[in-house]
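A.B. asks: Okay, here's the structure, questions in a sec.
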Amino acid sequence: MALAWTKNLEVGIGLIDTQHKKWFEKADQLFEAGKNGKSKEYIIQMFDFLDEYTKTHFKDEEKYMQSINYPELNAQKQMHEGFIKKLAELKKQYEEAGANITVIISANQFILDWLTKHISTADKKIGEYAKKLK
Ligand SMILES: [Fe+2]
């Protein structure tokens with residue numbers, strides 16, 4: 001099961017869609033590393049790359065929402081914060097459990113579910129709102 005962005009997740013805002021695609025790539029790299037039995041150090045690095053990219057993406061997305069006075073910016077910020085916390089927890093779990101594929105699989109399941117649900121419900125609404133402004 002590769003983690004990949006699909007067309008139905010399109011929000012309709014160029015920057016956000018481009019970043020979402022890359023975000024899925026980072027999540028997939030973590031999953032692949034776990035599946036292919038990469039070293040613990042390598043997998044931790046993949047966690048860090050995903051974390052870094054997530055933060056960059058959230059910051060850009062929030063900036064965009066602010067620029068259009070998006071009314072649900074605060075709710076989005078809270079969701080974003082929750083995900084970053086959860087990601088840190090998953091990384092910690094992995095670090096403590098050692099090179100454990102089960103942790104990676106459940107982490108990836110969570111990440112995939114969260115990304116898909118967040119984009120298809122919350123982020124799509126940003127696109128709809130932006131369209132109305134035009
Ligand atoms: Fe978002």
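A.B. asks: Of the listed pairs Lys22/Lys77; Lys7/Lys38; Lys85/Lys132, which have alpha-carbon separations greater than 28 Å here?
C.D. replies: Distance filter (> 28 Å) returns Lys7/Lys38; Lys85/Lys132.
A.B. asks: Compute the relative contact order of the chain as a whole-number percentage, counting only Cα pairs closer than 8 Å that sit 6 or more residues apart in sequence.
C.D. replies: Relative contact order, the chain: 36 percent.
A.B. asks: Once phi is turned into ³J(HN,Hα) by the Karplus curve 6.51 cos²θ - 1.76 cosθ + 1.60 with θ = phi - 60°, what whole-Hz value does each residue of the stretch 99-104 show in order, with x for glycine and proline?
C.D. replies: So the Karplus estimates, Gly and Pro as x, are 5, 10, 5, 4, 5, 5 Hz.
A.B. asks: With charges only on Cβ, +1 for K and R and -1 for D and E, what is the dipole size of the chain about its Cα centre, in debye, rounded to 20?
C.D. replies: In total the dipole reaches around 340 debye.
A.B. asks: Still on this structure, I have one more. For the stretch 41-49, what does the Karplus curve 6.51 cos²θ - 1.76 cosθ + 1.60, with θ = phi - 60°, yield as ³J(HN,Hα) per residue in whole Hz, taken in order and with x for Gly and Pro?
C.D. replies: 4, 5, 5, 4, 5, 5, 4, 5, 5
A.B. asks: Further, regarding this structure: Give the aspartates and glutamates reachable from Lys21 as a straight Cα distance under 14 Å; neighbours fewer than 8 places away on the same chain don't count.
C.D. replies: The reachable aspartates and glutamates, counting only those whose Cα sits under 14 Å from Lys21, are Glu10, Glu61, Asp123.
A.B. asks: Got a sec to turn the phi values of the stretch 108-116 into Karplus ³J(HN,Hα) couplings, 6.51 cos²θ - 1.76 cosθ + 1.60 with θ = phi - 60°, whole Hz, x for Gly and Pro?
C.D. replies: Calculated HN-Hα couplings, in order: 5, 4, 4, 4, 4, 4, 5, 4, 4 Hz.
A.B. asks: Still on this structure: Test of understanding: in a Gaussian network model of the chain with alpha carbons linked when under 10 Å, which of Ala97, Ala122, Ala107 would top the mean-square fluctuation ranking?
C.D. replies: Fluctuation is largest for Ala97.
A.B. asks: Take the alpha-carbon centre of the stretch 1-41, take the same for the stretch 94-134, and report the distance between them in whole Å.
C.D. replies: So the two Cα centres are separated by 10 Å.
A short reminder: the numbers here are calculations on the coordinates, not readings from a lab. Because the structure is a prediction, the values reported are computed rather than measured. Heads up, the Cβs are rebuilt from the backbone with ideal geometry, glycines too, and the neighbour counts pull from every protein chain shown.
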